[in-house]
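Below you'll find the structure, written out as C-alpha cells, and then a few comments.
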Amino acid sequence: SLTVDPKQRGSLPDEHRLPVREVRLCAGAGFIVVVCGDIMTMPGLPRNPAALNIGLNKSGEITGLF
C-alpha cells in the first residue's frame, strides 16, 4: 500500500510520480481499483458459485458441469 502521509510507512517522496494506467470501479464490491503498470487482475466472482449447480442424477452421473 502507498500513502501520501509522510509520517506513514510506504509514503511517497514529494518528487515521486506514480503513473496510473487505468481506474476501475468495482461497484458491487464497493471499491475502486487503480492499475499502475503492467498487471493482470483476476475476474470477480458471481453471486452464486458454479459449485452450487453441481450434483448427481439418479444413475450417479455428475450434472451441472459447464
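Quick look at the values:
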{"quantity": "For the range 15-27, 3J(HN,Hα) per residue [Karplus equation, 6.51 cos²θ - 1.76 cosθ + 1.60, θ = phi - 60°, Hz, x = Gly/Pro]", "calculated": "7, 7, 10, 9, x, 9, 8, 7, 10, 10, 9, 10, 4"}
{"quantity": "Loop-located GluC sites (Glu not before Pro) in the range 9-62, at most 12 other Cβ atoms within 10 Å (DSSP)", "calculated": "Glu15, Glu61"}
{"quantity": "The range 40-48 - phi-based ³J(HN,Hα) in whole Hz, Karplus 6.51/-1.76/1.60, Gly and Pro as x", "calculated": "10, 10, 7, x, x, 9, x, 4, 10"}
{"quantity": "Distance between modelled label sites at Cys26 and Met42, nm, 7 Å Cα→Cβ extension", "calculated": "0.9"}
{"quantity": "Listed residue (Ile32, Pro49, Leu12) projecting farthest to the positive dipole end of the chain, Cβ model", "calculated": "Pro49"}
{"quantity": "Low-density loop cleavage sites - trypsin sites (Lys or Arg not before Pro) in the chain, where at most 12 other Cβ are within 10 Å (DSSP)", "calculated": "Lys7, Arg9, Arg17, Arg21, Arg47, Lys58"}
{"quantity": "Most mobile listed residue (Leu56, Leu12, Leu25) in the chain, GNM with C-alpha springs under 10 Å", "calculated": "Leu56"}
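Every number here is computed from the coordinates shown, using simple stated rules; none is lab data. The shown structure was predicted, so the numbers you read here are calculated from the model rather than taken from an experiment. Glycine gets a Cβ as well: all are built from the backbone with ideal geometry, and neighbour counts include every protein chain shown.
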